[in-house]
Each structure stands twice: as C-alpha cells, then as structure tokens.
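Trainee: There's a structure below that I have some questions on.
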Amino acid sequence: MLHRISIKLTRKMMKNLKRIECGEEVYVYGMEIILSTMAGIFAILISALIFSVFVESVIFLSVFMTLRIFTGGYHAETYRKCFVCTVGLFWVSILIKNIIMISGREGPWLSLLFASCIYISLRAPVINKYQPLSDTKKMKNLKKSILVIWLYLFIIGWMFEHNQSLAYMMIVSIYDVGFLMIVDDFIHERGKELCRLLLS
C-alpha cells in the first residue's frame, strides 16, 4: 500500500518537475521514507496527545531523531517493522522514564547516561550498508554526534532544576539511540561471527 501511494505521488511530482535528475525508483524510495517517517511521527504525537504525554513525545522525537541522523544504528527491514519499532520504543521509553521517577534513585540512571554517551561517542557513526559514508562524512558525523550529545547534557543539567520528569525523558531518549547502535552491532558483527561458527 505504501509503495503504491509513493508511486502515485512520485509520478504526480515528476510531472511538475522541470529537471529530473534520477530515475523514478529513486524518487519512489525517497517518498516511501518520507511517508513512513511521517506516519511514525504522527502516530506517536496523536497517541501521546490522547494519553497526556505530548511534551514527552516532542522531547523523544527531537532527541532521538537528531542524534540518529548522525549516529546511525539499527534499521528495520520493512517500513511496517520500522513503524512498530519506533512507536513501541517511544512507549517503552515512557515506561522507563516513569520507573526512574518512581525509583527516586538518580545515581544508576545517570551512570547509564554517561555510559551511553561514551559508547555513542566511540562508536558513531554506525554505517548502514545501503548508505555508505566517505571517511570525511564519517568524521563529520562523529563530531556532530559529540556536539549534539554535549548540547543535550547541558540541557538535561538545566532541566533537572526545573522539570526532572522531562530531563529523564531526554536521558531515556539518549539510551534509545545507544541501544539501537548496540543492536546493529550485534546483528551485523556478532551475527556474522555466529553464522561463521555454525557453518564451520
């Protein structure tokens, strides 16, 4: 269904383009990514509005998406899986944030935040086989990842004085980015090693 809608929209768009630089399949692929991303964002925002966690959803999307642009990480094989994973990850993040607030213990969660930041800084960017990066682009993404993390750490420090709940939402969103990088490492690196062991 998404593919059919993307084809129709792409063909309408291409009729209005004065200059076409790529084949139709490239534009269709881009349209699929835009539509699936918008569907995930819309689902998160609407469900968050219904359950009165709209501000948390904006924080999650802002932190998660800006970091993921530069760090990379696990990508689902289909748009449907991506949609389910993203929306599910948001609601798991809300749950974890509430657990942190109920526990009343800051130390372990802050330690996990700094561990996540160190891992992201050392491992970013995770390269997607469908979107290879040049060495220059890798270095730029790494620098941007570190810059964004420091910016978020500064905001988290400020928010602790004003709204701890939202500060923890930012913290959990950073966990999410690190977690998806670890998942990607496991699937593509350890998964290959496991296959080699089984086949040898």
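Just so you know, all these numbers are worked out from the coordinates, no wet-lab data involved. Just so we're clear, the structure is a prediction, and the values are computed from it rather than from any experiment. Virtual Cβ from ideal backbone geometry, glycine too; neighbours counted across all protein chains shown.
Trainee: With viscosity set to 1.002 mPa s at 20 °C, what whole-number translational diffusion coefficient in µm²/s follows for the range 47-89 from Stokes-Einstein and a Kirkwood radius over Cα pairs?
Mentor: Estimated diffusion coefficient is 186 µm²/s.
Trainee: Let me ask something else about it. Can you tally the net charge around Val172? Count Lys and Arg as +1, Asp and Glu as -1, for every other residue whose Cβ sits under 12 Å from the Cβ of Val172.
Mentor: -1
Trainee: By its C-alpha gyration tensor, with a ≥ b ≥ c as the square roots of the eigenvalues, how is the range 31-170 shaped: rounded for a/c under 1.5, else prolate for a/b larger than b/c, else oblate?
Mentor: Oblate, since a/c reaches 1.5 and b/c is not below a/b.
Trainee: Another question, then. Taking the Cα atoms of the range 77-152, what is the range of coordinates along each of the three principal axes, in descending order and whole Å?
Mentor: So the three principal-axis extents are 45, 32, 16 Å.
Trainee: Dipole magnitude of the range 26-161 about its Cα centre, charges +1 at Lys/Arg Cβ and -1 at Asp/Glu Cβ only, in debye to the nearest 20?
Mentor: Approximately 420 debye in magnitude.
Trainee: Then there's this: Using a 10 Å cut-off on Cβ atoms, rank the peptides 71-84, 53-66, 135-148 from the highest mean neighbour count down.
Mentor: Going by the mean number of other Cβ atoms within 10 Å, highest first, we get 53-66, 71-84, 135-148.
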